[in-house]
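Contents: one structure, followed by commentary.
The values are calculated or read from the model by the stated rules, or taken from the named source; none is laboratory data. These numbers were taken from a predicted model, which means no experiment stands behind them. Cβ atoms come from the backbone with ideal geometry, glycine included; neighbour counts cover every protein chain shown. The accessibility values were calculated without ligands, DNA or RNA, using every heavy atom of the protein model including side chains. Shrake-Rupley method; radii C 1.70, N 1.55, O 1.52, S 1.80 Å.
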Amino acid sequence: MKFFSIVCFLIFCSSVAFAQQAPQSIVDAEVPSLLAIYTDVHSHPELSGHEERTAALVAKELRSAGCQVTEHFGTYDDPKLKSYGVIGVMKNGDGPTVLVRTDLDALPVEEETGLPYASKVTAKNDEGKDVHVMHACGHDVHIAAFIGTARALGKLKDQWHGTIVFAAQPAEETGNGARALLKAGLYDRFGKPAFALGFHDKADLQTGHIGVTEGYTSANVDSIDVTVRGVGGHGAYPHKTKDPIVLAAEMINAWQTIASRENNPLDPIVVTVGSIHGGTKRNIIPDEVKMQLTVRTYKKEVRDKALAALDRIARQIAAAAGVPPERAPIVTVRKDEVCPATYNNPELTRRLVAVWKKTLGDENVEIVDPTMGGEDFSEYSLPDHSIPAVNFHFGAVDAAKMADYKQTGKELPSLHSSKFAPVPEPTIRTGVIGMTTAVLDLMK
Ligand SMILES: [Zn+2]
Ligand SMILES: [Zn+2]
């Protein structure tokens, strides 16, 4: 009996000594500090391209988590802009390279959450106008979860091998931050990853839940400027003019037939005219009307077809109205405000879903619908999707509010809303556990 209990005691001791620490227990210990980071970043939001303070904080935290850190990384197309990208490299012997990404920037929104740590920050936007600034997309939650992931993986080095590249990316909201990191040679300098992982909080998903989509999860975003040129004149003598306002109205309606008549309905297209300006006075037919459009698609061939149709319809409506060829509409697809569709590699998605189901329980992992929103995480998988990538969601909404939403259909504050307020603790916790367990599985 005595001998048996000694053996049991020895077995117990050795199993404690060799037991692998679970990410959950590390997260438990880190949560108070991560919450402090979260509220600090939340109350000090910075606009896209101006993430100086946020980047410095992330650099400091990555360094103390055991990363080799490079600051001010990134090259924008516009050479006047300074990039605040932060790259932290955590090495642990031979093995695959995995990229883990967070974004850093906030939005020009006046916070109306009423939280004690709500932002009161104002800043000048790129047009020199004073605007309120708020982390209305939850990138502050991403930052806290990203730092938590770095800390956890720094402590779990007995469970993985290889190199983790932690990429803290500026300017997600303007769609040019990821491109700036890649243009500066992210993959040449720090290694081309075998996998790229990103995450985003979700404003209609319960805390504690992970949501993910297999395949396309966010859309190609194209920004198009259209100048409709007519021949101006007196409002009482329309027969002596070519009215660009009437032409613009025809174009706006006809563009909707790109999705409904020219396209396979199984491939979504959104054409939104978000801005239209023309004219100065009731009785003057102006010379031109200016419009700004956003076009959303998934597949490249659908995108190409939609953009070509948009141009063709504009030109031919003008031609049909007798506008001379030299006054044909000018349709410009902007190269600066563009981001490709995010494609979650199906095999990798299924692999991670299995990991999360094991960690969080089957009922806490949801397959969610894709959206026509944009997300420049797409850039990391390269245009040919040759780097398997997954951008997953983690829930930010209290369970009771979520149940009420499902029952009544009363809309919850969406991302970018002045009232969007994730429940910090469980949201950050799920972000850290989701990302940490994903990396551990890919590098075990
Ligand atoms: Zn956003
Ligand atoms: Zn976002």
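Which whole-number percent is the relative contact order of region 78-222 (Cα, under 8 Å, 6+ apart)? Please report the intermediate quantities before stating the final value.
Working: 200 pairs, mean separation 54.1, N = 145.
Relative contact order here is 37 percent.
Helix 52-64: angle to the longest alpha-carbon principal axis of the chain, degrees 0 to 90, nearest 10?
The helix 52-64 is inclined about 20 degrees to the chain.
Output the peptides 28-38, 105-115, 387-397, 373-383 sorted from most to least packed, where packing is the average of other Cβ atoms within 10 Å over each peptide's residues.
Values: 28-38: 16.8, 105-115: 19.0, 387-397: 25.0, 373-383: 21.8.
In decreasing order of mean packing, 28-38, 105-115, 387-397, 373-383 become 387-397, 373-383, 105-115, 28-38.
Below 19 Å, Cα to Cα, which lysines can Lys157 reach? Residues fewer than 8 away in the same chain don't count.
Cα-Cα hits under 19 Å: Lys91, Lys444.
Over region 207-335, calculate the relative contact order: mean separation of alpha carbon pairs under 8 Å at least 6 apart, over the residue count, as a percent.
37
Which length gain, in nm to one decimal place, applies between Asp130 and Ala320 when the Cα-Cα distance is subtracted from 0.36 nm times their residue separation?
Length gained, Asp130 through Ala320: 64.0 nm.
Kindly identify region 112-208 as rounded, prolate or oblate by the Cα gyration tensor criterion: order the square roots of the eigenvalues as a ≥ b ≥ c, call it rounded if a/c is under 1.5, otherwise compare a/b with b/c, prolate if a/b is larger, else oblate. Before the final figure, lay out each step's value.
Details: a/c = 2.57, a/b = 1.41, b/c = 1.83.
Note, shape of region 112-208 comes out oblate.
Using a 1.4 Å probe over the heavy atoms of the protein chains, calculate the carbon and sulfur portion of the accessible area of region 275-367 as a whole percent.
Result for region 275-367: 53 percent of the exposed heavy-atom area is carbon or sulfur.
Hey, what angle do you get for helix 139-155 against the long axis of the chain, alpha-carbon based, 0 to 90 degrees rounded to 10?
Result, in degrees: 30.
Defining a contact as two alpha carbons under 8 Å apart and six or more residues distant in sequence, what relative contact order in percent does region 342-444 show?
Details: 63 pairs, mean separation 34.2, N = 103.
Relative contact order, region 342-444: 33 percent.
Considering only DSSP beta bridges whose two residues both sit in the chain, what percent are antiparallel, to the nearest 5?
Taking every DSSP beta bridge within the chain, about 65 percent pair in antiparallel fashion.
Largest first and to the nearest Å, give the Cα extent of region 105-145 along each principal axis.
32, 21, 11
Convex hull over the Cα atoms of region 200-270, averaged projected area in nm²?
The orientation-averaged projected area of the Cα hull of region 200-270 comes to 8.4 nm².
My understanding is that a pair violates if its Cα-Cα distance is over 27 Å; which of Lys82/Lys155; Lys129/Lys290; Lys357/Lys410; Lys129/Lys242; Lys82/Lys192; Lys192/Lys357 do that in this structure?
Lys82/Lys155; Lys357/Lys410; Lys129/Lys242; Lys192/Lys357
Rounded if a/c is under 1.5, else prolate if a/b is larger than b/c, else oblate: which is region 271-331, with a ≥ b ≥ c the root eigenvalues of its Cα gyration tensor? Provide the component values of the computation, followed by the final result.
Working: a/c = 3.77, a/b = 1.61, b/c = 2.34.
Oblate shape, in that a/c is at least 1.5 and b/c is the bigger or equal ratio.
Pull up all non-local amide H partners of His200: gap of 5 or more, or a different chain, and H-to-H distance under 5 Å with H placed in the peptide plane.
Placed amide hydrogens put Phe392, His393, Phe394 under 5 Å from His200.
Among Gly233, Val221, Asn253, whose Cα projects farthest towards the positive end of the dipole of region 174-313, with charges put on the beta-carbon of Lys, Arg (+1) and Asp, Glu (-1)?
Gly233
What nm distance separates the two modelled labels at Lys290 and Ala56, each placed 7 Å from Cα along Cα→Cβ?
For the pair Lys290/Ala56, the computed spacing is 3.7 nm.
Using a Cα-Cα cut-off of under 15 Å, which aspartates and glutamates could be cross-linked to Lys202, ignoring same-chain neighbours fewer than 8 residues away?
Partners found: Asp103, Asp140, Glu366, Asp369, Glu375, Asp398, Glu411, Glu425.
Whole number in Å², please: accessible area per residue of the chain, 1.4 Å probe, ligands, DNA and RNA not counted.
With all protein chains present, the chain gives 47 Å² per residue.
Under the classification rounded if a/c is under 1.5, otherwise prolate if a/b is larger than b/c and oblate if not, where does region 15-146 fall, given a ≥ b ≥ c as square roots of the Cα gyration tensor eigenvalues?
Details: a/c = 3.19, a/b = 1.47, b/c = 2.16.
Taking the square roots of the gyration eigenvalues as a ≥ b ≥ c, region 15-146 is oblate.
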